[in-house]
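Student: First the structure, which I've put down as structure tokens, then a few questions once you've had a look.
The values are calculated or read from the model by the stated rules, or taken from the named source; none is laboratory data. Values in this document were obtained by computation on a predicted structure and should not be read as measured data. Cβ placement follows ideal geometry from the backbone for every residue including glycine, while neighbour counts extend to all protein chains displayed. We work out accessible area using only protein heavy atoms, side chains counted, and drop any ligands, DNA or RNA first. Shrake-Rupley method; radii C 1.70, N 1.55, O 1.52, S 1.80 Å.
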Amino acid sequence: MSFVRIRQGHALDAVAVSGLVQQVYQPFSADFPPTALKWTSAAVRALPASWLLAHDENKLVGVVRQGPDPEGHTLDSLAVATEWRRRGIGTALVAAVEELAVAACARQMIIALRDVLAANTAFFTALDYRMARPLPPHHHIFTKEIGTSL
Ligand SMILES: CC(C)(COP(=O)(O)OP(=O)(O)OC[C@H]1O[C@@H](n2cnc3c(N)ncnc32)[C@H](O)[C@@H]1OP(=O)(O)O)[C@@H](O)C(=O)NCCC(=O)NCCS
């Protein structure tokens, strides 16, 4: 388990955030058009506070975009640098999003997962996200109840 520092994004982070998202999601382009590739540096700069960044010392090792959703709180474009995976960084980022969601009084996390990404589904299932309904043609909606102990 890595002990990374997690913080909210600023406009000055836009190039680095976009760079990591593009690096992680570009390889999927051979199989499908990844939605996350819409996050150019200009797009990130337009709403930088919706991003959380994970740093190991000064190195950016993971990012996620998050925010309120009509059905609760959502996240997308979760990206952990390849050489930093399986050290708990993705888990730490999702936990940080869930903390923000609880603080905003959301009762449910809701995410759309692409059906072909088995590792992604395994990751969120390990974090207690459960399949709720199909989102045709290529995704399923997964949800997780949060904030019940408050
Ligand atoms: C999915 C992703 C964010 C996981 O990040 P990570 O930092 O490696 O995840 P963690 O170390 O916190 O993993 C926690 C648990 O999730 C599960 N998991 C993570 N990656 C997995 C994989 N490739 N295959 C199967 N299970 C996996 C495991 O149960 C793991 O626990 P373990 O390492 O003790 O077995 C990362 O692999 C990634 O950036 N993938 C490419 C982009 C992507 O698919 N993003 C999600 C779209 S929203």
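Student: Based on the alpha-carbon set only, what is the convex hull volume of segment 76-132 divided per residue, in Å³? Mind dumping the intermediate values first?
Tutor: Details: hull volume 5.1 nm³, N = 57.
With only Cα atoms used, segment 76-132 gives 89 Å³ per residue.
Student: Then there's this: How charged is the neighbourhood of ALA14? Take every other residue with its Cβ under 15 Å from the Cβ of ALA14, and add Lys/Arg as +1 and Asp/Glu as -1. Present the calculation step by step, with values, prior to reporting the outcome.
Tutor: Values: positive: ARG7, LYS38, ARG45, ARG65; negative: ASP13.
Its environment carries a net charge of +3.
Student: Take the solvent-accessible surface of the protein heavy atoms, probe 1.4 Å, and return the percent of it on segment 22-150 that carbon and sulfur atoms account for. Don't skip to the end; give the middle numbers.
Tutor: Numbers: 4020 of 7020 Å².
Reported share for carbon and sulfur atoms: 57 percent.
Student: Still on this structure, I have one more. Sorting check: for 46-58, 73-85, which peptide has the highest mean count of neighbouring beta carbons within 10 Å, and how do the rest follow?
Tutor: 73-85, 46-58
Student: Accessible area per residue, 1.4 Å probe, Å², for the chain: what's the number?
Tutor: Numbers: 8310 Å² over 150 residues.
On a per-residue basis, 55 Å².
Student: To continue, here is another question. Quick one: putting +1 on the C-beta of Lys and Arg, -1 on the C-beta of Asp and Glu, what dipole do you get for the chain around its Cα centre, in Debye to the nearest 20? Show your work: numbers first, answer last.
Tutor: Working: 14 positive and 13 negative charges, 20 e Å.
Once rounded to the nearest 20, the dipole reads 100 debye.
Student: Given N residues in the chain, what is Rg(Cα) / (2.2 N^0.38 Å)?
Tutor: Values: Rg = 14.7 Å, N = 150, 2.2 N^0.38 = 14.8 Å.
Cα-based Rg divided by the globular estimate yields 1.00.
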